[in-house]
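The values are calculated or read from the model by the stated rules, or taken from the named source; none is laboratory data. From a predicted model like this one, the values you see are computed outputs, not experimental measurements. Heads up, the Cβs are rebuilt from the backbone with ideal geometry, glycines too, and the neighbour counts pull from every protein chain shown. The protein model used for the area step is the full one, side chains on, heavy atoms only, and it has no ligands, DNA or RNA in it. Shrake-Rupley method; radii C 1.70, N 1.55, O 1.52, S 1.80 Å.
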Amino acid sequence: MIADALLAYFHFTAIFLMFAFLTAEAMMLRNAPDAAMVKLLARIDLWYLGALAVTLVSGLARLFWGAKGAAFYAANPAFQVKMVLFVVVAALAVVPARMFLRWSRQSMAVGESGIAPGEAKRARRFVMIELHLASLLPLAAVLMARGIGL
């Protein structure tokens, strides 16, 4: 019982961190970032990707070692929706991550960011799409945990 509670705690903490880092990115991208913000964005994005990875690992740990067991989740359509949403969010994360890395390299080489406002808006659009899709993950989790859809 305590193991299941700890797995849930780690999973929830990772999810909260994922949302915190993604929200920080969205706020930082309201305007075209300067060189210092580009460096910070790249660092925050690494933490975000780490939080995504910990969310996945802790979720898989709950799937295989949690109290309900893999059979409960695998047959549930809400679980399948949740996994698809997670994969889509993770795939969308690649675009801004590559942009942040490119901006960071440019900033280090030139000494200033030189990011076009349109490019910052494009990165923010991806981050906002990630946020909105990720906000559906807890809904799928609640439905899944209660066996709705079985």
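Residues in segment 15-42 that are within 26 Å of LEU85 (Cβ to Cβ) and open to solvent by 40 Å² or more (accessible area, probe 1.4 Å) were compared, and the one that is modelled with the lowest pLDDT is ARG30. Being assigned to a loop (DSSP other than H, G, I, E, B) and either touching a residue at least 40 places away in the same chain (Cβ under 8 Å) or open to solvent by 80 Å² or more (accessible area, probe 1.4 Å) (or both) is the filter here, so list the residues in segment 81-117 that pass it. ALA93, GLY111, GLU112, SER113, ILE115, ALA116 - these are the residues of segment 81-117 that are assigned to a loop (DSSP other than H, G, I, E, B) and either touching a residue at least 40 places away in the same chain (Cβ under 8 Å) or open to solvent by 80 Å² or more (accessible area, probe 1.4 Å) (or both). Tell me, which residue of segment 59-117 that is charged (D, E, K, R) and over 14 Å from LEU137 (Cβ atoms) is modelled with the lowest pLDDT? So, considering only residues that are charged (D, E, K, R) and over 14 Å from LEU137 (Cβ atoms), the one modelled with the lowest pLDDT is GLU112. Within this structure, ALA36 passes the test of being without any contact (Cβ under 8 Å) to a residue 24 or more places away in the chain and farther than 17 Å from HIS132 by Cα. Confirm whether ALA78 is touching a residue at least 60 places away in the same chain (Cβ under 8 Å), over 23 Å from THR13 (Cβ atoms) and open to solvent by less than 80 Å² (accessible area, probe 1.4 Å). Taking the combined requirement at face value, the residue does not satisfy it. Restricting segment 69-116 to residues that are charged (D, E, K, R) and more than 18 Å from HIS132 (Cα to Cα), the residue that is nearest to the chain's Cα centre (by Cα) is ARG98.
So for segment 42-53 (the condition being out of contact with any Ser or Thr (no Cβ under 6 Å at 6 or more places or on another chain), assigned to a helix (DSSP H, G or I) and of a type in the set (Lys, Arg)), does at least one residue qualify? The answer is yes; a qualifying residue exists.
Among the residues of segment 64-71, are any in a helix (DSSP H, G or I) and buried (at least 20 other Cβ atoms within 10 Å of the Cβ)? Scanning segment 64-71, I find no residue that is in a helix (DSSP H, G or I) and buried (at least 20 other Cβ atoms within 10 Å of the Cβ), so the answer is no.
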